[in-house]
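All remarks here apply to the structure that follows.
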Amino acid sequence: MVLNLPRFEVALVRGEGARVWDAEGNEYLDLFAGFGAPVLGHCHPDLVKAVTEQANKLWHVGNLFHTEPQTRVAQAIARHGFEGRSFFSHSGADANEAAIKLARLYGYLHKGPAGQRYKVISTTRSFHGRSFATMGATGNPKVREGFGPLPPGFANVVYNDLDAVKAEIDDITVAVIAEPVQGEGGIHLPDPDYFTKLRALCDEHDLLLIADEVWTGCGRTGKYFGYQHWLSDGFHGPDIMTLGKGVGGGLAVGVMCASDRVAELYNARTQGGVKHATTLGGNCLAMAVSAAIFEIMARDGLVERAAQLGDRITKRLRNFAANCPSIKDVRGKGLFIGIELDPSAKDASFKSATEVVNQCLAQRLLVGSAQGDVVRLAPALTIEDEQVDRGLALLEQIIRG
Ligand code: PLP
């Protein structure tokens, strides 16, 4: 195998809820749920049932046909607040790729004084994927290093700084892409009115607003979609929203959702042919799981639970941080939480986020990290209170040293 990621020396063979087991039979408590993908935990019995039933019915027929599971997912996304249409793919990166292509098509059809508009403004510390266009949008230069030349038409401005966006808008700009809460960049929240003001700027300049919800979508932050935290009289939602990770529950699903007006530009019947497609996107197995995820979340009140449990975890960690000099900040929304460590703290027991992750693993606790020495928690929405308390006690002990 290509060693593109630094793998731990552990082979996992089985999972159940917030627990996984390695090949030697050791049990681990999972507070990072597979980078956010198994949002309902490992092997949720209702998802196992949904995928098994679908496996006995139909797997894939190609997207020239209607299939019921796709319709159920598209309806769920609309029902939970995003009014528009869904396009199904396989990953966060290719959902964003579909969004960026759609924005470019919009700029091609709605030209500016200088002709076609194609520039997409993104933010520092953002992560949008590792395909060519999404590397261009990603705010971390390390992701791009060695892969140039990239497609032109991307500009990167400081997150949460509206003047920076304003200064970057010119005749060729067509869209702004931002995460409702930045994930890979280290769990950063915008000011509560950032998206309202971004929306106003976009409307003023006829730009599309793209919310990258690959991490924040599907209940993770205590709302179905992260942008819903920032709704106001002036902000009813983005033009385009992208989903990944949790929307597949651990299967390969990406979704690009667009308002009817914008989605129309991908309409093969009215736009003179196919503008975007992918063979396996929306396959029945993945969609059956995705549809069930939305149904289970609503049935079991898991989005509300993510909000409440997230508040409890954040409060507890803030109390702990008050007496722990090596913690600089605790930030989060729902079950998407970052603990920023402070390398400058005069604390002999200081460990970097990577060291914390490794020591946790040695104690059979799975946590993540993010840019800027941040320890990241993103447990399954189904995690039990007792598991959370046990995991946090161990994490605190490790950070304290
Ligand atoms: N967008 C965001 C906000 C992400 O955090 C990620 C991955 O972490 C992506 C896009 C890319 O998703 P994927 O790894 O599924 O391609």
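Any residue at all in region 138-146 that's farther than 21 Å from Val214 by Cβ and surrounded by fewer than 22 Cβ atoms within 10 Å (Cβ to Cβ)?
yes
Mind checking which residues of region 79-126 are aromatic (Phe, Trp, Tyr) and either within 13 Å of Leu209 (Cα to Cα) or more than 19 Å from the chain's Cα centre (by Cα) (or both)?
Tyr106, Tyr108, Tyr118
Among residues belonging to region 41-53 that are buried (at least 22 other Cβ atoms within 10 Å of the Cβ) and in contact with a helix residue (DSSP H, G or I) (Cβ under 6 Å, 6 or more places away or on another chain), point out the one that is farthest from Arg299 (Cα to Cα). Step through it out loud before you land on a result.
Just the residues of region 41-53 that are buried (at least 22 other Cβ atoms within 10 Å of the Cβ), to begin with: 41-42, 44, 47, 50.
Applying the additional criterion that residues be in contact with a helix residue (DSSP H, G or I) (Cβ under 6 Å, 6 or more places away or on another chain) yields 47, 50.
Working: Leu47: 13, Ala50: 15 Å.
Checked region 41-53; the qualifying residue farthest from Arg299 (Cα to Cα) is Ala50.
Tell me which residues, restricted to region 177-220, are among the acidic types (Asp, Glu) and either out of contact with any His (no Cβ under 9 Å at 6 or more places or on another chain) or closer than 22 Å to Gly368 by Cα (or both).
Residues satisfying the conditions are Glu179, Glu184, Asp191, Asp193, Asp203, Glu204, Asp212, Glu213.
Go through Leu381, Leu365 for me and flag whichever is surrounded by 18 or more Cβ atoms within 10 Å (Cβ to Cβ), closer than 19 Å to Phe320 by Cα, at pLDDT 95 or above and of a type outside the set (Asp, Glu).
Leu365
Checking the condition assigned to a loop (DSSP other than H, G, I, E, B), of a type in the set (Asp, Glu) and either away from the ligand (no atom under 14 Å from the Cβ) or free of Cβ contacts under 8 Å to residues at least 12 places away in the same chain (or both), which residue from Asp203, Asp191 passes? Please lay out each step first, then the result.
Numbers: Asp203 fails: assigned to a loop (DSSP other than H, G, I, E, B).
None of the others qualify; the one that does is Asp191.
For region 359-401, enumerate the residues that are over 26 Å from Gly219 (Cβ atoms) and without any contact (Cβ under 8 Å) to a residue 24 or more places away in the chain.
Ala362, Gln397
Any idea which of Phe65, Phe82, Phe87 is modelled with pLDDT of 95 or more and within 16 Å of the ligand (Cβ to nearest atom)?
Phe87 is the lone residue from the list that is modelled with pLDDT of 95 or more and within 16 Å of the ligand (Cβ to nearest atom).
Scan region 62-69 and give yes if some residue there is outside any loop (DSSP other than H, G, I, E, B), out of contact with any helix residue (DSSP H, G or I) (no Cβ under 6 Å at 6 or more places or on another chain) and more than 22 Å from Asn267 (Cβ to Cβ), otherwise no.
Scanning region 62-69 turns up no residue that is outside any loop (DSSP other than H, G, I, E, B), out of contact with any helix residue (DSSP H, G or I) (no Cβ under 6 Å at 6 or more places or on another chain) and more than 22 Å from Asn267 (Cβ to Cβ).
Only one of these is more than 28 Å from Phe32 (Cβ to Cβ) and either of a type in the set (Val, Ile, Thr) or in contact with a helix residue (DSSP H, G or I) (Cβ under 9 Å, 6 or more places away or on another chain) (or both): Thr278, Thr216. Name it.
Thr278
When only residues in region 195-230 that are within 19 Å of Gly129 (Cα to Cα) and of a type in the set (Asp, Glu) count, which is surrounded by the fewest Cβ atoms within 10 Å (Cβ to Cβ)?
Per the stated criteria, the residue is Glu213.
The values are calculated or read from the model by the stated rules, or taken from the named source; none is laboratory data. On a predicted model such as this, the values are computed, not experimentally measured, just so you know. Cβ sites come from the backbone with ideal geometry, for glycine too, and all protein chains shown count toward neighbours.
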